[in-house]
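To start, the structure itself, in structure tokens.
Readers should treat all values here as calculations from the given coordinates under stated rules, not as data from a laboratory. A quick note: this is a predicted structure, and the numbers were derived from the prediction, not measured. Glycine also receives a Cβ, built like all others from the backbone with ideal geometry; neighbour counts cover every protein chain displayed.
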Amino acid sequence: DDNPALGRPILTIAIIAGCILVWFWQISLGLGEREAIMNFGLVPSAFLGNTFQNGPITPLFTVFTSMFMHGGFMHLGGNMLYLWIFGDNIEGALGHVRFVFFYLICGTAAALAQVFVNPTSNIPMIGASGAVSGVLGAYLIFYPRARVRTLVFLGIFITFLRLPAVFLLGVWIIGQVISAMLSSPGSPGVAWFAHLGGFGCGLILGPLIKKRDIHVFQPARTKVKEKPIRIRFRNK
């Protein structure tokens, strides 16, 4: 995005690094990866105590461990790309410590939304999508007019357009709502209601815990472009 970050997003980078390390751990397990997902993913029925989850941790803690696991490279890459683009601005708007709590709370709200919709499911839920959706919700409320460089396919042509965040995220949330309405409860796939729960949590929680000098609905800002350095060599 064109929105300059307020300070170094050290915890955004740390979360991305953590998710990448966990994914490498997952693939190192080989055939044991499926068991790890069952143990550390959030299983709605086990979370509610209706079924037994034979894992090393209590099902209540899987609401956190599941945020750092992913089902494949594209799943991981998509979530981390969104977090990299939008997370630095939200970390700057909230502060480092509050950003971590914000991220975990949004991820928890996302998980609870999916559990509420499908409480009897035995399918493990993994991924940072819900927490990242919370970041998107906060970005929309803080920086709706910021410009985001977006890859657009125009027939046989591919180009980058600088689209307003309110348009880009508006299209995204509409797509999530439509997909959630068309999805079949209990079927494996994308946890659409987790995305909606996380997004809604970010919309509400972000303004409540922001820094005092940060305001909602801020005008668009542009990153300052560095001027090229010119060097002249004197002839002897």
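Per residue, the average separation of C-alpha pairs within less than 8 Å and at least 6 apart gives the chain a relative contact order of 26 percent.
In this label model, Phe217 and Phe73 are separated by 4.4 nm, measuring between points 7 Å along each Cα→Cβ vector. The convex hull around the C-alpha trace of the stretch 10-209, projected and averaged over every direction, spans 12.0 square nanometres. Suppose R0 equals 22 Å; then what is the FRET efficiency for Thr159 and Ser184 from their Cβ-Cβ distance, rounded to the nearest 0.05? Here the calculated transfer efficiency is 0.05.
Only helical runs count toward this figure. For the chain, summing -39,500 (n - 2.57) over DSSP H runs of n ≥ 4 and dividing by all residues gives -17500 deg cm²/dmol at 222 nm. Listing Asp2, Asp213, Asp88 from fewest to most neighbouring C-beta atoms within 10 Å gives Asp213, Asp2, Asp88.
Roughly speaking, what is the centre-to-centre gap between the stretch 168-204 and the stretch 80-102 when only Cα atoms are used, to the nearest Å? Using only Cα atoms to place each centre, the spacing works out to 20 Å.
Would you mind getting me the FRET efficiency between Ile209 and Leu31? Use the beta-carbon distance for r and R0 = 35 Å, nearest 0.05. Provide the component values of the computation, followed by the final result.
Numbers: r = 43 Å, r/R0 = 1.22.
Taking R0 as 35 Å, the efficiency between Ile209 and Leu31 is 0.25.
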